[in-house]
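K.L.:
Quick one: the structure is below, and I'll ask about it shortly.
Read-outs: derived from the displayed coordinates by stated rules, not from any lab. Source: prediction; values computed, not measured. As a convention, Cβ positions derive from the backbone with ideal geometry for all residues, glycine included, and neighbour counts pool all protein chains shown.
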Amino acid sequence: MASTTEQDERISRIGHEIYENQLRPQVETDANIGKLISIDIHTGDYEISDKLISAVDRLQQRRPEAEIWTERIGYDAVYAVGGTIRRVER
């Protein structure tokens with residue numbers, strides 16, 4: 001059985017790859033910059049919202065077994081603790 005850290009790293013890696021390779025071109029629009037995208041790493045299904053819990057809740061309603069990765073669209077982090085998040089220009 002994988003440790004929690006290994007599991008978290010797997011979800012992070014897969015979720016970020018799905019975002020970068022499949023979703024970014026369609027979701028990284030002016031209207032979505034700064035919003036949160038929660039992604040089911042098994043299906044690539046996603047929800048976008050201004051609030052983390054809203055995106056996760058809506059995705060879990062459709063995909064109860066989802067393993068979810070979340071990113072802030074157009075930024076390098078979802079939240080900053082003791083620092084700032086930076087806008088990522090592509």
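K.L.:
Inside region 17-52, can you point out the residues that are out of contact with any strand residue (DSSP E or B) (no Cβ under 7 Å at 6 or more places or on another chain), part of a helix (DSSP H, G or I) and not basic (Lys, Arg)?
P.N.:
Result: Glu17, Glu20, Asn21, Gln22, Pro25, Gln26.
K.L.:
Inside region 54-90, can you point out the residues that are of a type in the set (Lys, Arg) and either part of a helix (DSSP H, G or I) or surrounded by fewer than 14 Cβ atoms within 10 Å (Cβ to Cβ) (or both)?
P.N.:
Applying the first criterion (of a type in the set (Lys, Arg)) to region 54-90 yields 58, 62-63, 72, 86-87, 90.
Within region 54-90, Arg58, Arg62, Arg86, Arg87, Arg90 qualify.
K.L.:
Next question, about the same structure. Tell me whether region 74-83 contains one or more residues that are touching a residue at least 24 places away in the same chain (Cβ under 8 Å) and out of contact with any Ser or Thr (no Cβ under 8 Å at 6 or more places or on another chain).
P.N.:
Step one: list which residues in region 74-83 are touching a residue at least 24 places away in the same chain (Cβ under 8 Å), which gives 74-75, 78.
Those still in the list that are out of contact with any Ser or Thr (no Cβ under 8 Å at 6 or more places or on another chain) too: 74-75.
So far as region 74-83 goes, yes, one or more of its residues are touching a residue at least 24 places away in the same chain (Cβ under 8 Å) and out of contact with any Ser or Thr (no Cβ under 8 Å at 6 or more places or on another chain).
K.L.:
Please go through region 21-51 and pick out each residue that is over 20 Å from Tyr79 (Cβ atoms), over 10 Å from the mean Cα position of the chain (by Cα) and among the acidic types (Asp, Glu).
P.N.:
The answer is Asp30, Asp45.
K.L.:
Considering region 1-47 alone, what residues qualify as being among the hydrophobic types (A, V, I, L, M, F, W, C), surrounded by fewer than 17 Cβ atoms within 10 Å (Cβ to Cβ) and free of Cβ contacts under 8 Å to residues at least 40 places away in the same chain? I'd like the intermediate steps shown before the answer.
P.N.:
Step one: list which residues in region 1-47 are among the hydrophobic types (A, V, I, L, M, F, W, C), which gives 1-2, 11, 14, 18, 23, 27, 31, 33, 36-37, 39, 41.
Filter once more, keeping what is surrounded by fewer than 17 Cβ atoms within 10 Å (Cβ to Cβ): 1-2, 11, 14, 31, 33.
Met1, Ala2, Ala31, listed by residue number.
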